[in-house]
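Structure, as structure tokens:
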């Protein structure tokens, strides 16, 4: 901060048209509240139903916590900016936003790996499931998830805060985007570029390979059995849909950014990643799951 002449950044947002901003405000407010309600109800339903106190739903609760955290880091500030004429964000707030965004995003990648491993043990080694996926093991997995994510986020945010910003301070986005801040810096970012690429490999490529490996093993085993294939696949379909949607958006954003820069397209993809995905995840897991629907009905009676 002592080396930087920039104390705040200007977020251009999604649109500069006041009438469109009002519409966007209503849409994102409704989507944000719905996301908080859907994920909150899912957490309560699983917590109050002792039949759902098993590893799969333990991971699902943590996924819902992440789905509450991701939009909460971005959307409230975005809603304020949609209703204000000057869309500024302080240097400290921008750094804080990036820290929590990377923390929660990294946690989701790693958590999806452990959820895939849970399904692999449940289908491929059912007799050893409760021994392998014990309470202590699940606790260690969650600890690893948050510890690794916090370490990655802390390192990247530390290096970001060491950069000097002495020129333009306008970000053509609706939140503080790590690559955009690097472009605005007047420091040498070559080392940070390498570190960012390494972090992307750790939290994007490695988890994807592990997830694909787990499901390849599951598919090979299921295809060998004569009966019960649908039941076996039905326990994985919700997780597969979430993985496909989450990684699909992320890979498109990552690969397209290496080919060309289209900030309007990146904004749209970010909306899906930050707003749509956290809202759709609890719906995917509840609509196709009879146990969750039963728990929801029981929770409704209690409320």
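The values are calculated or read from the model by the stated rules, or taken from the named source; none is laboratory data. As the structure is a prediction and not an experimental result, all values here were calculated from the model. Because the Cβ atoms are built from the backbone with ideal geometry, glycine has one as well, and the counts that use them run over all protein chains shown.
In table form, for the structure just shown:
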quantity: Residue, nearest to the chain's Cα centre (by Cα), within the range 23-53, restricted to residues that are free of Cβ contacts under 8 Å to residues at least 40 places away in the same chain and closer than 24 Å to residue 87 by Cβ; calculated: 36
quantity: Any hit, the range 162-170, residues being within 29 Å of residue 75 (Cα to Cα), surrounded by 15 or more Cβ atoms within 10 Å (Cβ to Cβ) and touching a strand residue (DSSP E or B) at 6+ places or on another chain (Cβ under 9 Å); calculated: yes
quantity: Hits in the range 185-195 - residues which are under 30 Å from residue 76 (Cα atoms) and surrounded by fewer than 17 Cβ atoms within 10 Å (Cβ to Cβ); calculated: 186, 193, 195
quantity: Output for the range 22-53, where each listed residue is surrounded by 15 or more Cβ atoms within 10 Å (Cβ to Cβ) and outside any helix (DSSP H, G or I); calculated: 49
quantity: Pairs with Cβ under 6 Å, 6+ apart, first in the range 281-300 and on the phi < 0 side of the Ramachandran plot and crowded, with 18+ Cβ neighbours inside 10 Å, second modelled with pLDDT of 80 or more and not in a helix (DSSP H, G or I); calculated: 295/49
quantity: Evaluation of residue 176 against (1) farther than 29 Å from residue 222 by Cα; (2) part of a helix (DSSP H, G or I) (one fails), failing number; calculated: (2)
quantity: Criterion violated by residue 253 - all others in (1) modelled with pLDDT under 80; (2) farther than 26 Å from residue 147 by Cα; (3) part of a helix (DSSP H, G or I) satisfied; calculated: (2)
quantity: Matching entry among 120, 28, 114 (being more than 23 Å from residue 236 (Cα to Cα) and either at pLDDT 95 or above or in contact with a helix residue (DSSP H, G or I) (Cβ under 9 Å, 6 or more places away or on another chain) (or both)); calculated: 28
